[in-house]
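A short write-up of the structure that comes next.
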Amino acid sequence: MGSRGLVLACALFAAAATIAATPAPSPTPPPQIYRVVSRPLCSELRQRIKPAIGMMLENDQTIRKSPSLFKQYNSASLYGNDPGSAQSGPGAMDPGGTSNGSQEIALLGLENLIRPIANNIIAIQTVLDSPELRTTTGLPDDDKRLQDLRQKLLKALAAQNASLDIISGFVDTQQMANLQHAGEAYIAEASQPDNQRATSSTPGPAPLSYDPNYAGLPPNPYSIDLATVPGLTLGYNPVTRLIEALGWTIDQTAARENEAATAVMTSAGLCAAVPLVSPSP
């Protein structure tokens, strides 16, 4: 055997001895998924309170579009399709009580606000009523804070729901009134006297031809037009009252949201020093 063969054999023998003397490696432990487990308060702030607040802020933006649409509808009811043709007397109101084109556009704008607001309110209510927020977390302090947050957000949500009721109630009333007045021309034509059977006849008023704000009730012949009352103006009408009511509900929402925001910021401050580790992919 040559010198190279002797060296290779010695190397193999040394390697075998080393392997035999080296103990078998222990199994590799599985990777640790979470290093820090956040407290229940911090977890609920991230998973439920934050999404609820986000949807509530979306509702605020949508609801704030409604007063201008109510004013647009109000102006159209007074002045018709052309704002330049404004009149100053009671005759400015549409005597038939039916909506004109400008009113329909404003009404459609209000109708388009209803579904996004309603969907968010349902989603927020569902989140705030979730078992995770209603049951105990095992930490009394966290339970108290979460219940306080939930109550404050529910109060703000109730004010938003009141705004929705005003908007949807007005839209439903006007749409029903428009449906009620649909086909009045045909009804009036059908109520014309039969000249072949009667020499003279005085046709009665067309059915359903009255103010749509009083849908379902016949007009009172002794009704007082508020536009003729000293000290009042044409601005005192149901639509103006709804605008004032919306202003109140919007202010109430903002005040209640501010209370909730203070509580959220206080709770979030307790979680600021606790790092939240996401699960490993």
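The values are calculated or read from the model by the stated rules, or taken from the named source; none is laboratory data. Being a predicted model, the structure only gives us computed values, none of them experimental. Note that each Cβ is placed from the backbone with ideal geometry, even for glycine, and that neighbours are counted across all protein chains shown.
Could you look through region 105-140, keep only residues that are in contact (Cβ under 8 Å) with a residue 60 or more places away in the chain and acidic (Asp, Glu), and pick out the one that is surrounded by the most Cβ atoms within 10 Å (Cβ to Cβ)?
Among those that are in contact (Cβ under 8 Å) with a residue 60 or more places away in the chain and acidic (Asp, Glu), it is 111.
Any residue in region 259-276 that's modelled with pLDDT of 85 or more: show its pairings with residues that are small (Gly, Ala, Ser) at Cβ separation under 6 Å, as long as the two are six or more apart or on different chains.
Taking only residues 6 or more apart or on different chains, the pairs are 260/156.
Read through the list (1) hydroxyl-bearing (Ser, Thr, Tyr); (2) at pLDDT 95 or above; (3) outside any helix (DSSP H, G or I), then give the number of the only condition that residue 34 fails.
Answer for residue 34: the failing condition is (2).
Hey, any hits in region 123-142 for a residue that's closer than 22 Å to residue 255 by Cα and in contact with a Ser or Thr (Cβ under 6 Å, 6 or more places away or on another chain)?
No, that holds for no residue.
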